[in-house]
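Read the figures in this text as sums done on the coordinates, not as results from a lab. This structure is a prediction, so every number in the text was calculated from the model and none was measured. Positions of Cβ are backbone-derived with ideal geometry, glycine not excepted, and every protein chain shown enters the neighbour counts.
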Amino acid sequence: MSRVARVRLNPCDYLFWGQHRMNARKGEAGNIAFMLLDLEGDISPEWLQAALCATVQAHPVLLARFGATLFLGRPFWQMRSDIATAADSASQSALLVEDWRAADDWPSRLEAVSSVGNVSGWDLRRGPLVRLELYRLPQNRSRLIFRWPHPLMDAEGAQWFLNELTRCADGGDSANALPPGLRSDQDAIDPLGSFSSLGRWKLFKKGTSYQRSASKFRIRQMPPNPARGPTDHRVIHRNWTAEQTREMQAIAKQLSPVGPRLYARHLAACVVRAIHLLYSERGVDTGAYLITLPIRVGASDPANSLFARRPMIGNYLVSPLLCIAREHADDQKAVGKAIHAQLTDYLARRGDLLQWAMMWAASLIHAWAYELIFSLPFGGGRFSTGFSIYGEIDPPVRKIGGATVVNLWGGGPNVNPPALNPVFSRFGDRLNLTMTYTRPAVSDETAEEFVLLIERHMFFDA
């Protein structure tokens with residue numbers, strides 16, 4: 001077989017791959033992200049298969065498989081040489097279509113497939129790297145579920161993929177004529193491109209001594225439920241109307257300090273308050289709560305043009321480690337102030353670049369020894385819960401195959417523990433919460449209670 005191109009995983013991709021492999025070695029399904037779309041209108045299965053075939057031809061890395069260099073263990077996506085043949089095969093094997101237009105029990109069927117937060121048996125050493133599920137429903141409605149391994153791309157890239165389905169199916173040229181907002185998948189962004197090797201190591205050294213606030217606390221996590229039955233990932237979804245979202249925003253202005261990312265900070269505070277109540281009810285004695293607030297690398301310099309045209313694939317995320325002392329967790333305003341202060345400090349110190357430099361240094365480790373990185377403390381402690389929030393791309397995903405997108409949301413599993421991952425997302429003027437949790441480590445009852453507590457703090461002055 002002739003030598004074909006390789007696409008390197010960037011440092012953040014590598015991190016997600018390490019998590020994927022670590023989970024898979026525990027017998028879990030790995031880190032498979034998902035995005036769900038509610039549609040008004042019916043999508044032709046033939047159109048969707050053709051769209052998928054055209055899209056993977058325009059972005060052949062979607063057909064790739066995971067590999068690593070022999071001696072240094074550098075991870076990459078190995079491109080196929082037979083793109084046309086592989087694209088045709090992928091458009092069939094990666095697509096599932098269910099026609100429930102005449103089924104009386106379609107609501108229960110749809111709930112069953114939509115509440116599954118992961119899939120088993122996904123081997124990254126074989127392509128394709130995307131899967132689509134189309135569920136055709138009564139009253140001219142549909143639901144489309146998109147699943148992909150998180151090491152491939154983030155939520156922003158996933159939305160670009162969904163828009164690419166329509167562009168490519170409607171006669172869009174190949175990857176040589178990408179639309180505004182996208183660059184070649186092989187043209188990765190290097191946030192540290194202006195730094196010399198010495199400069200990168202200086203950032204790394206500075207990063208290892210930064211954000212050690214959790215080291216002074218005794219951090220505990222909720223003990224998992226006794227193991228019973230196979231591990232699986234389930235999803236709870238909440239959607240709030242435009243009016244409800246405006247109500248949440250008004251409360252956020254009352255409870256959170258003025259400044260950038262006001263609503264994201266408010267939602268993070270609600271998650272902290274909710275996890276605090278869960279811990280308290282269960283008698284878990286921890287000195288502080290640790291969560292993340294993922295943002296795009298480069299956020300400390302809003303004027304930068306790094307992402308004027310980003311590739312579809314790739315993860316470009318960093319996150320401050322938010323540490324809220326237990327003694328402050330009873331007061332939502334105090335939690336909000338602490339989150340604001342820590343995020344402001346993170347950006348002022350260019351913590352995003354420091355963290356990327358740490359991921360870059362970690363990416364120099366041999367692929368098959370990479371999971372050792374997860375056993376190192378780095379002063380971070382252990383997370384109490386996942387947390388993230390993302391918005392829409394420009395232009396947003398609004399049409400697929402002639403159908404109108406009326407809502408879009410998604411998330412993915414978190415490491416276990418904490419095995420809880422609330423993900424907020426915006427669709428137009430509405431807000432979604434996608435909460436993924438791992439069973440049996442987290443029971444259905446605990447997960448439902450967690451979501452109710454988050455919602456309570458979103459809409460009430462607590």
### Query
Counting alpha carbon pairs within less than 8 Å and at least 6 residues apart, what relative contact order, in whole percent, applies to the stretch 190-292?
43
### Query
Where Lys and Arg each count +1 and Asp and Glu each count -1, what net charge lies around residue 303 among other residues with Cβ under 15 Å from its Cβ?
0
### Query
When Lys and Arg each count +1 and Asp and Glu each count -1, what net charge do the other residues less than 14 Å away from residue 141, Cβ to Cβ, add up to?
-1
### Query
If each of residue 452 and residue 330 carries a label point 7 Å out from its Cα toward its Cβ, how far apart are those two points in nm?
2.3
### Summary
For the stretch 6-183, the dipole about the Cα centre with charges only on Cβ (Lys and Arg +1, Asp and Glu -1), to the nearest 20 debye, works out at 980
### Query
Where does the charge balance sit around residue 245 when Lys and Arg score +1, Asp and Glu -1, over other residues with C-beta under 9 Å from its C-beta?
0
### Task
At 4 °C and 1.567 mPa s, grab the translational diffusion coefficient of the stretch 6-183 from Stokes-Einstein with a Kirkwood Rh over Cα pairs, rounded to a whole number in µm² per second.
75
### Query
Toward the positive end of the charge dipole of the stretch 6-183, about the Cα centre and with charges on Cβ (Lys, Arg +1; Asp, Glu -1), which of 83, 166, 35 goes farthest?
83
### Query
Roughly speaking, what is the stretch gain from residue 225 to residue 119, that is 0.36 nm per residue apart minus the C-alpha to C-alpha distance, in nm to one decimal?
36.0 nm
### Cβ-Cβ FRET estimate between residue 301 and residue 280, R0 fixed at 45 Å, reported to 0.05
0.65
### Message
Students often check this: by mean Cβ neighbours within 10 Å, which of 323-336, 412-425, 115-128, 352-365 ranks highest, and how do the rest follow?
### Response
412-425, 352-365, 323-336, 115-128
### Query
Taking Cα pairs under 8 Å and at least six residues apart, what relative contact order does the chain come out at, in percent?
25
### Summary
With +1 at each Lys and Arg Cβ and -1 at each Asp and Glu Cβ, the charge dipole magnitude of the chain around its Cα centre, to the nearest 20 debye, comes out at 1800
### Peptides ranked, highest mean first, by Cβ atoms within 10 Å: ranges 313-322, 138-147, 66-75, 190-199
313-322, 138-147, 66-75, 190-199
### Query
Expressed as a fraction of 2.2 N^0.38 Å, the rule-of-thumb size for a compact globular protein of N residues, what is the C-alpha radius of gyration of the chain?
0.96
### Summary
When the charge dipole of the stretch 178-295 is computed with +1 at the Cβ of Lys and Arg and -1 at the Cβ of Asp and Glu, the Cα pointing farthest to the positive end, of 242, 231, 262, is that of 262
### Query
Based on DSSP H runs of at least 4 residues, each adding -39500 (n - 2.57), what is the mean residue ellipticity at 222 nm of the chain after dividing by all its residues, to the nearest 500 deg cm²/dmol?
-11000 deg cm²/dmol
### Message
Need the full-extension length gain, residue 112 to residue 368, defined as separation in residues times 0.36 nm minus the C-alpha distance. One decimal, nm.
### Response
88.6 nm
### Task
For the chain, build the charge dipole from Cβ charges (+1 Lys, Arg; -1 Asp, Glu) around the Cα centre, then report which of 386, 312, 372 sits farthest towards its positive end.
372
### Message
If each residue of separation counts as 0.36 nm, what is the full-extension length gain between residue 349 and residue 241 once their alpha-carbon separation is subtracted?
### Response
35.2 nm
### Query
What percent do you get for the relative contact order of the stretch 6-183 when only Cα pairs under 8 Å and 6+ apart count?
34
